[in-house]
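Report on the structure given below.
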């Protein structure tokens, strides 16, 4: 009986040690996941005048961000917020800044992805918009609206055949914005009805058909200039 107790005790210690090692491995694996990147400049929803002129049409802008936890390298991604197309993509940077030549008098969106060589998981930053100033103007176009809900390519459930659309807008000059919603089953570019135009809020309840695919985009207008969000779609 005494030998049996000793054997059971040894097995218990082995089990506890194995569990501890397994927990340590889990903690170690979690520690390898790259953290979130904090962006520094260019600032969110601001006009950028800090560039160095390369030509009349192009300016050199320096992008800066903080180091992220467990990160060895970074990807800098710059896109056109209206079309969603990539303007520039710099991979595996081992620094936290990068100078880029960009065309003036345009809005840009930028974000940074953090990575390391020990995992395929990545971290990411927020996406920031800025307007690269060229020749001085009395008014700059609004930033293209950011669509909040429904998410692009998602499937949604209607409540009494209705759904609430949500978006977010901003303007470099701080002007008050009005919005027009383009919503249809074709391409998100068909002429909207009057009740979808000149909206002061950033949400709209709409009546929809079930089992359909809808395309939509948002036009932002500051009284002088306008911009369009990319076309998104969702299924009911």
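Of the candidates 57, 36, 49, the single residue that is under 19 Å from the mean Cα position of the chain (by Cα) and surrounded by fewer than 18 Cβ atoms within 10 Å (Cβ to Cβ) is 36.
Answer yes or no as to whether residue 109 is more than 29 Å from residue 224 (Cβ to Cβ), assigned by TED's automatic domain parsing to the domain that holds residue 76 and in contact with a strand residue (DSSP E or B) (Cβ under 8 Å, 6 or more places away or on another chain). Give the derivation first.
Details: more than 29 Å from residue 224 (Cβ to Cβ): no; assigned by TED's automatic domain parsing to the domain that holds residue 76: yes; in contact with a strand residue (DSSP E or B) (Cβ under 8 Å, 6 or more places away or on another chain): yes.
Considered against the rule, which asks whether it is more than 29 Å from residue 224 (Cβ to Cβ), assigned by TED's automatic domain parsing to the domain that holds residue 76 and in contact with a strand residue (DSSP E or B) (Cβ under 8 Å, 6 or more places away or on another chain), residue 109 comes out as no.
Here residue 120 meets each of (1) assigned to a strand (DSSP E or B); (2) outside the structural domain of residue 208 (by TED's automatic domain parsing); (3) touching a strand residue (DSSP E or B) at 6+ places or on another chain (Cβ under 9 Å) with one exception, condition (3).
Pick out, from region 126-216, the strands (runs of 3 or more DSSP E) lying fully within it that include 3 or more residues that are touching a residue at least 12 places away in the same chain (Cβ under 8 Å) and within 25 Å of residue 78 (Cα to Cα). Spell out how you get there, then give the answer.
Numbers: elements: 128-132, 143-149, 162-170, 178-184, 203-207.
Strands (runs of 3 or more DSSP E) meeting the threshold: 128-132, 143-149, 162-170.
Which residues, counting only those in region 217-236, are in a strand (DSSP E or B) and over 15 Å from residue 149 (Cα atoms)? Correct list: 219, 220, 221, 226, 227, 228.
Here residue 201 meets the list (1) exposed (fewer than 13 other Cβ atoms within 10 Å of the Cβ); (2) over 29 Å from residue 133 (Cα atoms); (3) at pLDDT 95 or above almost entirely, failing just condition (2).
The values are calculated or read from the model by the stated rules, or taken from the named source; none is laboratory data. Nothing here was measured: the structure is a model prediction, and the numbers come from that model. For neighbour counting, all protein chains shown are included, and Cβ atoms are generated from backbone atoms with ideal geometry for every residue, glycine included.
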